[in-house]
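Heads up: the structure comes next, in C-alpha cells.
The values are calculated or read from the model by the stated rules, or taken from the named source; none is laboratory data. Bear in mind the structure is a predicted one, so any value in this text is a computation, not a measurement. Cβ coordinates were reconstructed from backbone atoms using ideal geometry, including for glycine residues, and neighbour counts include every protein chain displayed.
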Amino acid sequence: MNSVFKLLTISIIIAESTAKSESESRSHDCELDGNKHLDLCGSLRKSFFVHGVHSKPYESAVCSPISALMPLGKLTLGADGGTLQELLDAVGVSKKSMISNQFKRLILELRYLPGVRLDIASKLYVSSKSHLQRAFADQARDIFESSITKIDFQYPTYTAEEINTWVSSQTNGRIQNIISPDDITPTTSLILVNAVYFNAKWETPFKNVKNGTFHTLSGKKTIPMMKRVGPYNYTKSEALGAELVKIPFKEGMVTFLLVLPISNTGLLVLLNQLKLAPDILEAAISQMEERNVDLTIPKFKIETDLNLKEVYEKIGVKGIFNEQDSGLTNIIRGGTISVSSAKHKAFIEVNEYGTEAAASSGIGFTTLSQVTFSNVHHVKADHPFLFFILVRGQQLFAGTLVNPK
C-alpha cells in the first residue's frame, strides 16, 4: 500500500507594451558565485506563502513559492533601476550577475531529487509583432530552459486555447483554463508561463485509514484520516503555539512539514504571527528532533487560484506593474513593457492506494494500540493547519487545510 502525494502549480504573467524606450539591451557578465545553490532568502521565501494563503483565510489554499519565483527571476534579467532592486530583494540575491549561476543550480538540484518526481517547465509566448532582445531571450533559454513561441495576440480565443492546452499537458490534465480570452488585449506583448509538477511516495506508508472527525472553523465533518505511529522529527513551539512534524518522502531529501496549531481555532493567529515575524518558523524547525509520534492526518485535495499581482505587491514587487515606468527596459526590442496581470494556480492531492483492494479481500489493518512505543507524542491533525513541502529546508510548496474536500 502506497501513499502518493501530488502537487501541481502554474504561474502566469502577462506583459503589455507601454511607452517606447531608447534603451538598448546591455550585456551582463555572469558572475559564477562559488558553490552555493539559491537559498531563497529574499522576501518571497519569507512572506509569499503567508500572503498567498492568507488571501483566503476561511478556505483551504495551496501555493508554490518556487513557481512564483521563476517568473521574477526571468524579469530580473530585463530590469533596471528601482524595479531591479525590488526583484533582487524578492528573489534573495544581491546583484543581477548572480541570477544565472544560482538559478541554474536550483533547477538542476530540483530536477534530480532522488525518490521523487519534480518537473519544472517554462514557456514564453511573444507577440508576433514584437521581438525579444537577444540577450534576454538567450538567457531565458539558457538559465531557465524556457521555450519561446511566437503567437498572434490579435486572436485571444485561439491564444488562450493554445496556452491552456500547453498548461494541461504539463500538469497531466490537472490544471485547466488558467487564462481566458479576456486576459489578452491588442497591446499584450509577452506572456510568461511556469508549471511545476510534484509526485512522491511517503518513505513509510500510512496503512491505517478510517473515517474521523475534522473540526472546521464553522463545524464538524467526517473525512478519511490516515494514522501511523513511528519516529518523526518533532517539536512543540511555544512561540508559534503549534506542534511541528516532518513526514519524509522516499529517500528523505524532501519532507512534508505539518504545522498544527495547538488550539483548534489557532490557524489565523499563527498566520498573523508569521506575517509579522517570519523567522520564528525557521527557529522552530531548527529545534526539531526525532521522537516517537502517534500521527493522524487527513487525506485531502485542494485547488487554489491566486491573484499573483496582489501577492507580489504585498512582498514589495510593485514596479513591474507601473505602466509609466516599469523598469522592464531590456526585454522587448525598441520598447518597454509592464505587467498587466499575474496569476497562480495550484492543485494538491494526497492519495492512499490499495485500501479498497485490501478491504475486498478481507485483509484487516493492525490496530495501532497493539504497537508499543515509549514516550509517544500524540499529534492529531483534526483541525485547520499549515503545511509545507521542503527541500533542504527550502519551501517548494505551502498551504493550509481549513475545510477538507
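Quick notes on this structure:
- Residues of segment 178-233 that turn out to be of a type in the set (Lys, Arg) and under 24 Å from the mean Cα position of the chain (by Cα), as a count: 1
- Taken as a whole, segment 245-263 holds at least one residue that is buried (at least 22 other Cβ atoms within 10 Å of the Cβ) and touching a helix residue (DSSP H, G or I) at 6+ places or on another chain (Cβ under 8 Å).
- The set of residues in segment 160-191 being of a type in the set (S, T, N, Q), closer than 26 Å to Arg117 by Cβ and touching a helix residue (DSSP H, G or I) at 6+ places or on another chain (Cβ under 9 Å) consists of Gln176, Asn177.
- Residue check, Ile178 β-branched (Val, Ile, Thr), assigned to a helix (DSSP H, G or I) and either free of Cβ contacts under 8 Å to residues at least 24 places away in the same chain or not assigned by TED's automatic domain parsing to the domain that holds Val376 (or both): no
- Restricting the first member to segment 110-121 and to residues that are within 19 Å of Leu69 (Cα to Cα) and of a type outside the set (Phe, Trp, Tyr), and the second to residues that are at pLDDT 80 or above and exposed (fewer than 15 other Cβ atoms within 10 Å of the Cβ), no beta-carbon pair is closer than 6 Å while six or more apart or on different chains.
- Of the numbered criteria (1) touching a Phe, Trp or Tyr at 6+ places or on another chain (Cβ under 7 Å); (2) closer than 25 Å to Arg117 by Cα, the one Thr204 fails is (1).
- Flag: Asp89 does not match the condition of being within 18 Å of Thr171 (Cβ to Cβ) and either surrounded by fewer than 20 Cβ atoms within 10 Å (Cβ to Cβ) or not aliphatic (A, V, I, L, M) (or both).
- Hey, Val269 in contact with a strand residue (DSSP E or B) (Cβ under 8 Å, 6 or more places away or on another chain), in contact (Cβ under 8 Å) with a residue 40 or more places away in the chain and of a type in the set (A, V, I, L, M) or not: no
- Residue check, Ala121 in the same structural domain as Ile337 (by TED's automatic domain parsing), among the hydrophobic types (A, V, I, L, M, F, W, C) and out of contact with any strand residue (DSSP E or B) (no Cβ under 6 Å at 6 or more places or on another chain): no
- Leu295 being aliphatic (A, V, I, L, M), surrounded by 15 or more Cβ atoms within 10 Å (Cβ to Cβ) and within 17 Å of the chain's Cα centre (by Cα): no
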